[in-house]
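Here is the structure we will look at, set down as structure tokens.
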There are 2 protein chains.
Amino acid sequence: MEYSFSKSLDALKSSAVREILKLTQGSSVISFSGGLPAEEFFPVAEMKEAFNRVFSQEKKALQYGLTDGYIPLREWIIGRMKQKNMHVGLDNMILTTGSQQVLDLLSRVYLDPGDCVLMENPSYLAAIQLFQSRGVRMIGVEADADGMDLDDLQAKIAAYRPKMVYVVPTFSNPTGKAWSLERRLGLLRICRENNVLILEDDPYGELRFDDSSAAYPTIFSLDEHPNGSAVVYTSTFSKIVAPAVRTGWAMGDVNIIQAMVRAKQAVDLHSSSLDQMGLHELLTHFDLDSHIAKIRKEYRERKEMMHHLLTQQGWEEITWNAPKGGMFFWVELPEDVDAEQLLPYAVKEGVAFVPGAPFYVDTPKRNTLRINFTHADRETMMLGVERFARAVNAYCGQAVR
Amino acid sequence: MEYSFSKSLDALKSSAVREILKLTQGSSVISFSGGLPAEEFFPVAEMKEAFNRVFSQEKKALQYGLTDGYIPLREWIIGRMKQKNMHVGLDNMILTTGSQQVLDLLSRVYLDPGDCVLMENPSYLAAIQLFQSRGVRMIGVEADADGMDLDDLQAKIAAYRPKMVYVVPTFSNPTGKAWSLERRLGLLRICRENNVLILEDDPYGELRFDDSSAAYPTIFSLDEHPNGSAVVYTSTFSKIVAPAVRTGWAMGDVNIIQAMVRAKQAVDLHSSSLDQMGLHELLTHFDLDSHIAKIRKEYRERKEMMHHLLTQQGWEEITWNAPKGGMFFWVELPEDVDAEQLLPYAVKEGVAFVPGAPFYVDTPKRNTLRINFTHADRETMMLGVERFARAVNAYCGQAVR
């Protein structure tokens with residue numbers, strides 16, 4: 001039998017990096033590579049009780065559900081979003097298999113192969129993969145610590161006529177940056193003027209390390225909404241409850257969301273309604289805000305410890321950001337060092353990270369890498385940084401002072 | 001804000017039929033429309049215990065999981081498939097959000113827009129929608145009660161050079177037919193000779209009404225496998241356990257399955273691993289075969305009752321199949337009657353069905369409709385058929401004798 005795969009499959013070739021990281025699974029290698037929350041904080045006992053309550057309901061709860069998701073959970077999310085100045089109705093919201101699926105569904109209903117999307121550069125790796133698989137052309141926009149450069153955004157819109165801008169404005173993946181209010185407003189104004197849709201991906205917004213909850217308003221909240229909005233907003237329970245329930249959501253104009261509902265019907269009918277019911281039972285019996293406060297405190301401490309451990313190495317030519325939230329350090333090695341070449345050394349020493357190159361939509365800065373600081377506990381983190389330092393010193397030798 | 005949707009969205013326009021059926025949700029309308037299992041038989045108490053065991057495991061169980069799915073559940077399925085003469089390894093299997101997602105993932109990695117797929121005609125509605133959304137050209141193959149006409153299959157392969165044939169050979173949706181062994185072997189031979197991939201969709205295979213388990217071997221089991229197989233096989237737990245867990249699987253050549261894994265990573269990272277763990281705990285403590293035997297017996301009785309109730313009406317010009325398994329009657333009205341026109345009459349009387357036209361990939365037989373017999377209990381079924389008969393007599397009047 002001779003197979004003949006689709007052309008779009010070429011965009012999905014497995015990377016050498018993914019192959020290396022696969023080798024670390026289940027091994028004694030300490031992984032700083034994934035965007036993993038700390039398992040110690042999963043509210044397992046509360047989830048157990050929540051699912052018990054679900055199974056005590058009518059049996060028809062386990063029947064096929066609505067494509068747009070379990071209504072009581074949507075209502076709960078609507079209430080929470082209201083506190084963040086985002087006001088939507090049931091028809092403006094769809095529940096998905098993690099927020100990752102929002103990228104796929106929106107791409108299906110809004111982008112044709114050959115269409116252009118503007119992105120931060122570097123940007124979220126799995127968004128790049130998804131857009132690639134759809135045959136979408138990605139163009140990177142210049143940026144600094146406050147977000148996209150608005151002049152460059154304007155120029156790229158004029159040059160490429162994009163249909164969409166994809167951003168992670170609050171504690172971005174991979175760079176950990178948070179956009180200033182001015183840049184948020186500027187992006188919104190420019191996109192509205194040019195009818196460019198904004199996909200605001202916000203998995204990390206709750207994981208901020210200071211108490212200024214008003215400092216990072218969502219772009220969605222700054223726009224006219226829900227209908228007629230220039231923004232589709234997406235977030236997830238993966239980082240604040242647990243990834244295994246794979247439940248995310250999108251909010252936006254009714255026509256966009258309902259188009260996504262039709263696409264989802266063809267794609268998988270609906271996501272796990274059992275998980276959606278379990279989450280709803282959890283959230284109505286659980287102080288989510290206290291839980292998030294606890295995670296925030298712990299993640300801030302882990303961030304500070306990672307910063308401390310890296311600083312201790314005394315490297316003068318290795319720099320990293322100081323994120324105000326989220327899960328990642330973005331590290332720059334000396335310019336002549338290739339992080340993909342460093343990775344096998346690190347794995348040999350027993351630690352893994354993600355090289356930065358695959359996060360770029362065009363010419364990569366090959367001397368970058370991403371380190372997660374939320375998953376490893378203190379002891380593991382110390383050991384991991386030790387191993388990382390050995391790898392850096394072995395690979396880079398005298399290049400790193 | 002002016003939106004500009006993708007071209008492929010046009011293929012996903014909501015149908016008038018779907019809108020009518022949506023109106024029946026949560027109302028007192030008796031629905032014979034969905035492919036719904038009987039809720040009374042969901043093993044809820046056993047599922048409750050199973051999920052309790054999951055929540056008693058290590059917390060890291062709730063972390064991100066593997067894209068191809070929870071290994072112990074894959075191993076369990078591999079064991080069960082072996083009993084059906086299908087022998088695969090872990091790398092030949094991917095777990096998905098229902099078997100519906102298999103259609104999407106396989107389309108992504110195997111079909112480009114403009115490629116041709118051959119299908120039974122009529123065929124599964126949501127497969128048609130999915131292929132449409134992918135821009136795939138669908139060609140119907142002539143068929144009789146034993147399956148596709150092999151001469152027509154041969155001719156259509158020569159004429160259209162399809163990349164794939166999509167079939168539901170065992171208790172098909174919507175017609176309920178089961179292919180003969182000769183047709184299964186013929187399809188396989190012809191497809192191998194022409195390098196045409198077969199997607200064998202088997203959600204209903206376990207729901208047979210007689211005891212001849214060997215009567216309907218899967219096409220996958222008849223082929224050389226797993227690697228080099230001309231068949232990708234998919235099934236689901238939705239019909240034999242409960243739909244809410246949204247867990248299906250696909251098996252096939254390692255290159256095809258691993259391509260689907262890469263596609264799935266971009267699409268949604270992975271399906272609910274909580275549900276996969278819960279299912280695994282259920283299945284290792286549960287007599288699934290006794291459970292299926294109980295459902296089979298009940299569904300056979302409901303099928304016979306539906307047949308009896310329809311027969312009682314004394315319609316001479318309305319005919320239907322006598323399925324040997326599955327969930328559906330396929331009904332033919334007099335030739336001049338349009339089932340889509342009949343539907344509003346039925347809804348007004350308080351009963352719903354699915355008109356047959358949307359199941360056709362080309363010119364529809366508009367006088368057909370699909371009736372589900374597994375969901376309604378006896379009392380509801382009696383009332384539903386009464387209402388259906390009133391609608392038929394009101395709409396068709398003297399046309400139906």
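The values are calculated or read from the model by the stated rules, or taken from the named source; none is laboratory data. Everything numeric in this text was worked out from a predicted model, so none of it was measured. With ideal geometry, Cβ positions are generated from the backbone for all residues, glycine too; neighbour counts draw on all protein chains shown.
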Inset, instruction - Output the residues belonging to the stretch B:48-71 that are more than 28 Å from B:Val267 (Cα to Cα) and among the aliphatic types (A, V, I, L, M). - result: B:Ala50
Legend entry - Count of residues meeting criterion [crowded, with 18+ Cβ neighbours inside 10 Å and either out of contact with any Gly (no Cβ under 9 Å at 6 or more places or on another chain) or in a loop (DSSP other than H, G, I, E, B) (or both)] in the stretch B:322-337: 6
Inset, instruction - Look through the stretch A:94-132, keep the residues that are in a strand (DSSP E or B) and surrounded by 24 or more Cβ atoms within 10 Å (Cβ to Cβ), and return whichever of them is farthest from the other protein chains (Cβ to nearest Cβ). - result: A:Glu120
Inset, instruction - Pick out the one residue from A:Glu340, A:Glu332 that is modelled with pLDDT of 95 or more and in contact with a Lys or Arg (Cβ under 9 Å, 6 or more places away or on another chain). - result: A:Glu332
Inset, instruction - Report yes if some residue within the stretch B:376-383 is more than 19 Å from B:Asn121 (Cα to Cα) and in a loop (DSSP other than H, G, I, E, B); otherwise report no. - result: yes
Legend entry - Within the stretch A:218-253, tally of residues that are under 23 Å from A:Arg296 (Cβ atoms) and more than 10 Å from chain B (Cβ to nearest Cβ): 12
Inset, instruction - Could you list, in sequence order, all residues of the stretch A:83-98 that are under 19 Å from B:Ser272 (Cβ atoms) and among the β-branched types (Val, Ile, Thr)? - result: A:Ile94, A:Thr96, A:Thr97
Inset, instruction - For the stretch B:182-195, indicate whether the set of residues that are assigned to a strand (DSSP E or B) and surrounded by 17 or more Cβ atoms within 10 Å (Cβ to Cβ) is non-empty. - result: no
Inset, instruction - Give just the number: which of (1) polar (S, T, N, Q); (2) part of a helix (DSSP H, G or I); (3) buried (at least 22 other Cβ atoms within 10 Å of the Cβ) does A:Ser172 not satisfy? - result: (2)
Legend entry - Set B:Arg184, B:Arg137, B:Arg161: member being in contact with a Cys (Cβ under 6 Å, 6 or more places away or on another chain), modelled with pLDDT of 95 or more and more than 22 Å from B:Phe329 (Cβ to Cβ): B:Arg137
Inset, instruction - Among what's in the stretch A:272-284 and is of a type in the set (A, V, I, L, M, F, W, C) and more than 7 Å from chain B (Cβ to nearest Cβ), pick the residue that is surrounded by the most Cβ atoms within 10 Å (Cβ to Cβ). - result: A:Leu279
Inset, instruction - Could you please let me know if B:Pro358 is under 22 Å from B:Tyr204 (Cβ atoms) and surrounded by 18 or more Cβ atoms within 10 Å (Cβ to Cβ)? - result: yes
Legend entry - Filter pass, A:Phe220 being buried (at least 22 other Cβ atoms within 10 Å of the Cβ) and within 19 Å of the chain's Cα centre (by Cα): yes
Inset, instruction - Inspect all residues belonging to the stretch B:254-271 and state whether any of them is without any contact (Cβ under 8 Å) to a residue 60 or more places away in the chain and more than 9 Å from chain A (Cβ to nearest Cβ). - result: no
Legend entry - Boolean, A:Ala145 is in contact (Cβ under 8 Å) with a residue 12 or more places away in the chain and surrounded by 21 or more Cβ atoms within 10 Å (Cβ to Cβ): no
Legend entry - Out of B:Gly26, B:Gly35, sole residue that is outside any helix (DSSP H, G or I), free of Cβ contacts under 8 Å to residues at least 40 places away in the same chain and over 13 Å from B:Gln276 (Cα atoms): B:Gly26
Legend entry - Residues of the stretch A:33-57 satisfying the condition of being under 26 Å from B:Ala244 (Cα atoms) and more than 8 Å from chain B (Cβ to nearest Cβ): A:Pro43, A:Glu46, A:Glu49, A:Ala50, A:Arg53, A:Val54, A:Gln57
